[in-house]
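Written out below as structure tokens is the structure these notes cover.
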Amino acid sequence: MLKQTLLYTGKAKSVYETDHPDHLILVFRDDASAFNGEKVAQLDRKGKVNNLFNAFIMEKLAEAGIETHFEKLLNPSEVLVKRLDMIPVECVIRNYAAGSLCRRLGIEEGKQLTPPTFELFYKDDGLGDPMVNESQSIALGWATAEQLEQMKKLTYQVNDVLTALFDQGDMLLVDFKLEFGVFHGRIVLGDEFSPDGCRLWDKNTKKKLDKDRFRQGLGDVVEAYEEVAQRLGISLDSI
Ligand code: TMP
């Protein structure tokens, strides 16, 4: 598969067309950003760690019957994926309160949410990815009711699979964000799953092992991502 025109440069990944219309190549970079691009940094090895991490998670989800865009790892920084028509609405599940939920509702961080909450955010950097609801998403033509229903169902399925997986490594999956797209009429999981787009805490100490280490200036960001990988048995020997 040949890497061709640069299609899009995101905050942490670049997307290239290939010589096949149904496939794209994602390049995971070392760029880190938070607060809608206000805080940026280069974190050595982050791109490769996240690419290998994402490949492992996508394979686990596929084994559980969840269709993803992942095709195959090309090298430590690059992955071949299906070319999806992305839906500009992000799906977030929270098992414990953190981040914007605490800020918005004044809730103490760490409160267990039973059942887990489901939220939608409109993917728009200029607006800072505002929270939206289902009827707005439908009325504004971002997704159909059927697509939103499927996205919600799939996000809860991902939550079940990954909560159990992280539990095996003594970690709590606090919350996470997923992005979906359409591939030949089917809703398929796209983007990435890595510690950049979720919150993971050590089950016992509640040590943060995700991007909050970067947001909050806690240090050892990539070291924490590597610790998560190691706890899941993901080999980082190739990088
Ligand atoms: P939040 O607490 O900032 O709303 O984020 C909830 C979870 O979703 C957290 O793990 C970060 C992730 N997330 C992203 O990675 N990107 C986004 O644009 C949004 C809205 C959330």
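The values are calculated or read from the model by the stated rules, or taken from the named source; none is laboratory data. What you see is a predicted model; the values in this text were computed from it and never measured. Cβ coordinates were reconstructed from backbone atoms using ideal geometry, including for glycine residues, and neighbour counts include every protein chain displayed. Areas reflect the complete protein model, heavy atoms only, side chains present, ligands, DNA and RNA absent. Shrake-Rupley method; radii C 1.70, N 1.55, O 1.52, S 1.80 Å.
Full extension of the chain between Asp124 and Arg45 yields a length gain of 25.7 nm, computed as 0.36 nm times the residue separation minus the alpha carbon distance. The 3J(HN,Hα) values that the Karplus relation (6.51, -1.76, 1.60; θ = phi - 60°) gives for segment 96-102 are, in residue order, 9, 6, 6, x, 5, 5, 5 Hz. Gly and Pro appear as x.
Peptides 83-89, 135-141 ranked from most to least packed by the mean count of surrounding Cβ atoms within 10 Å: 83-89, 135-141. Couplings 3J(HN,Hα) for segment 211-222, derived from phi with the Karplus relation 6.51 cos²θ - 1.76 cosθ + 1.60 (θ = phi - 60°), are 5, 4, 4, 6, 4, 9, x, 7, x, 6, 5, 5 Hz, where x marks Gly and Pro.
For segment 71-161, what is the accessible area per residue in Å² when the probe is 1.4 Å?
Numbers: 4910 Å² over 91 residues.
I get 54 Å² per residue for segment 71-161.
For q = 0.09, 0.11, 0.15 Å⁻¹, what log10 I(q)/I(0) does segment 71-209 give under the Debye formula with an equal point scatterer on each alpha carbon and no solvent? For the requested q values the scattering log ratios are -0.30, -0.44, -0.82.
Annotation for segment 171-239: chymotrypsin sites (Phe, Trp or Tyr not before Pro) lying in DSSP loop with at most 16 further Cβ atoms inside 10 Å of their Cβ do not exist.
Contact order normalised by length for the chain, with contacts defined as Cα pairs under 8 Å and 6 or more residues apart; what percent is it? Intermediate values should be presented prior to the final figure.
Numbers: 446 pairs, mean separation 42.7, N = 239.
Once divided by the residue count of the chain, the mean separation gives 18 percent.
Residue by residue, segment 29-37 carries 3J(HN,Hα) couplings of 9, 8, 6, 10, 8, 8, 6, 6, x Hz when phi is fed to the Karplus relation 6.51 cos²θ - 1.76 cosθ + 1.60 (θ = phi - 60°); x denotes Gly or Pro.
Which residue fluctuates most in the GNM of the chain (Cα springs below 10 Å): Lys206, Lys152, Lys60? Between Lys206, Lys152, Lys60, it is Lys206 that shows the largest mean-square fluctuation.
Only Cα pairs within less than 10 Å get springs; with that Gaussian network setup on the chain, which residue of Asn159, Asn51, Asn75 has the largest fluctuation? Ranking Asn159, Asn51, Asn75 by mean-square fluctuation puts Asn75 first. Of all accessible surface on the chain at a 1.4 Å probe, what whole percent is carbon and sulfur? Answer for the chain is 49 percent, counting heavy atoms of protein chains only. Compactness ratio for the chain: Cα radius of gyration over 2.2 N^0.38 Å (N = residue count) comes to 0.97.
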